[in-house]
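Visitor: Take this structure first; my questions come after.
Bear in mind these aren't lab numbers, they're just calculated from the coordinates by the rules spelled out. Computed from a predicted structure; not experimentally measured.
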Amino acid sequence: QPVERTLILVKPDGVKRQLTGAILARVEAKGYTLAELKMVNADRALLEEHYAEHQGKPFFEPLVEFMLSGPVVAAIVEGHRVIEGFRSLAGTTDPTTAAPGTIRGDFGRDWGLKVQQNLVHGSDSVESAEREIGIWFK
Ligand code: DAT
Ligand code: MG
């Protein structure tokens, strides 16, 4: 079976809170491989492409603004079933209720109705992983 790849982002809240190392340590501890890693100041065009599936939703603009608020760390991570595996490691979208033991569950919280401040992004399918890797690692 070919090794799967996913696109992981440490979002601006994770970088600002100095959790990049702790987050990447969990990815590596799970046994996944960091294949590429960089810090990026994303521009609006890149973020609108990344979050294209959410255009038109009420949280789209605040989400893009939040992602513009500081640098993000982008990684290509490899491993067997890493797409599912990282989503499981990250926890559910809302950090308030994400399970303890997950990245969002352990480090995240609701800082005043800001679900977007949930520390990490991980691709949700093979197709979105390849699409997102193409956006962040041109
Ligand atoms: P995920 O990041 O868990 O894949 P998603 O793809 O549905 O979640 O949404 C992308 C991001 O948008 C998510 O990380 C946080 C934000 N978001 C999603 N649903 C939201 C909502 N109902 N209110 C505010 N922000 C939301
Ligand atoms: Mg998503």
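Visitor: Rank A22, A42, A90 by mean-square fluctuation in a GNM of the chain with C-alpha springs under 10 angstrom and give only the top-ranked residue.
Guide: Highest fluctuation among the options: A22.
Visitor: Amide H neighbours of A35 under 5 Å, at least 5 residues apart or on other chains, H built in the peptide plane: list them.
Guide: I76, V77, E78
Visitor: I would also like to ask the following. How would segment 4-136 be classified by its alpha-carbon gyration tensor: rounded, prolate or oblate, with rounded meaning a/c under 1.5 and the a/b versus b/c comparison settling the rest?
Guide: Here segment 4-136 falls in the rounded category.
Visitor: Would you work out the relative contact order for segment 4-136, in percent, from Cα pairs under 8 angstrom that are 6 or more residues apart?
Guide: 38 percent
Visitor: Something else: Full extension from N41 to R81: what is 0.36 nm times the residue separation minus their Cα-Cα distance, to one decimal in nm?
Guide: Result for the pair: 11.5 nm of gain on full extension.
Visitor: Taking amide H positions as placed 1.01 Å from N in the peptide plane, with prolines and chain starts having none, which residues 5 or more places from T96, or on another chain, fall under 5 Å of its amide H?
Guide: It is D110, by chain and number.
Visitor: Counting only DSSP beta bridges with both residues in the chain, what percent are antiparallel, rounded to the nearest 5?
Guide: Close to 95 percent.
Visitor: Mind listing the phi-derived Karplus ³J(HN,Hα) values for segment 3-10, rounded to whole Hz, using 6.51, -1.76 and 1.60 with θ = phi - 60°, and x for any glycine or proline?
Guide: So the J values, rounded to whole Hz, are 5, 7, 10, 9, 9, 10, 10, 8.
Visitor: Sticking with this structure for a sec: Taking amide H atoms as placed 1.01 Å from N in the peptide plane, list the residues 5 or more away in sequence, or in a different chain, whose amide H sits under 5 Å from that of V120.
Guide: It is K11, by chain and number.
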